[in-house]
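Asks: Please read through the structure below; I'll follow up with questions.
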Amino acid sequence: MSSHKRSARAKRVAEFKSQLTDSLGYDMWDEAEERERIMESRNSAKLSKKMCTSKNRYATEGEALEVARECAEHGSPALRVYECPLCGGWHLTSKKA
Ligand SMILES: [Zn+2]
């Protein structure tokens with residue numbers, strides 16, 4: 001049922017969109033969508049920098065755990081290791097899950 005609802009809504013949006021396009025002479029929706037897309041990619045770039053590219057990368061969980069253990073020995077707060085969904089490597093974080 002939800003797929004029917006979705007397509008009905010999509011049809012209404014498409015109709016509204018074509019009216020807007022006709023009356024304004026340009027497609028306002030594409031502009032809004034483009035802006036949204038840019039915002040999203042900016043956010044994900046920021047996120048990937050935070051969780052991936054700005055961090056040291058370890059090839060294996062064992063390697064990451066080893067570094068976390070060494071840091072703990074030097075008095076760092078406990079680090080957690082996590083497998084990165086972006087690069088497939090392992091990173092360390094001081095944040096709790
Ligand atoms: Zn990563």
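The values are calculated or read from the model by the stated rules, or taken from the named source; none is laboratory data. Predicted model only: the values in this text are computed from it and were never measured. Glycine also receives a Cβ, built like all others from the backbone with ideal geometry; neighbour counts cover every protein chain displayed.
Residues checked against (1) exposed (fewer than 11 other Cβ atoms within 10 Å of the Cβ); (2) at pLDDT below 85; (3) more than 16 Å from the ligand (Cβ to nearest atom); (4) part of a helix (DSSP H, G or I):
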{"site": "Ala8", "(1), (2), (3), (4)": "yes, yes, yes, yes"}
{"site": "Lys17", "(1), (2), (3), (4)": "no, yes, yes, yes"}
{"site": "Tyr26", "(1), (2), (3), (4)": "yes, yes, yes, no"}
{"site": "Asp30", "(1), (2), (3), (4)": "no, yes, yes, yes"}
{"site": "Glu33", "(1), (2), (3), (4)": "no, yes, yes, yes"}
{"site": "Val67", "(1), (2), (3), (4)": "no, no, no, yes"}
{"site": "Cys71", "(1), (2), (3), (4)": "no, no, yes, yes"}
{"site": "Gly75", "(1), (2), (3), (4)": "yes, no, yes, no"}
{"site": "Tyr82", "(1), (2), (3), (4)": "no, no, no, no"}
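Asks: Please work out which residue is nearest to the ligand (Cβ to nearest atom), limiting yourself to region 84-97 and to residues that are in contact with a strand residue (DSSP E or B) (Cβ under 9 Å, 6 or more places away or on another chain) and at pLDDT 90 or above.
Replies: Checking each candidate, the answer is Cys84.
Asks: Counting only residues that are within 12 Å of Cys84 (Cβ to Cβ) and in a helix (DSSP H, G or I), which one in region 35-58 is nearest to the ligand (Cβ to nearest atom)?
Replies: Cys52
Asks: Residues of region 52-65 being among the polar types (S, T, N, Q) and modelled with pLDDT under 95, which ones?
Replies: To start, the set of residues in region 52-65 that are among the polar types (S, T, N, Q) comprises 53-54, 56, 60.
Matches in region 52-65: Thr53, Ser54, Asn56.
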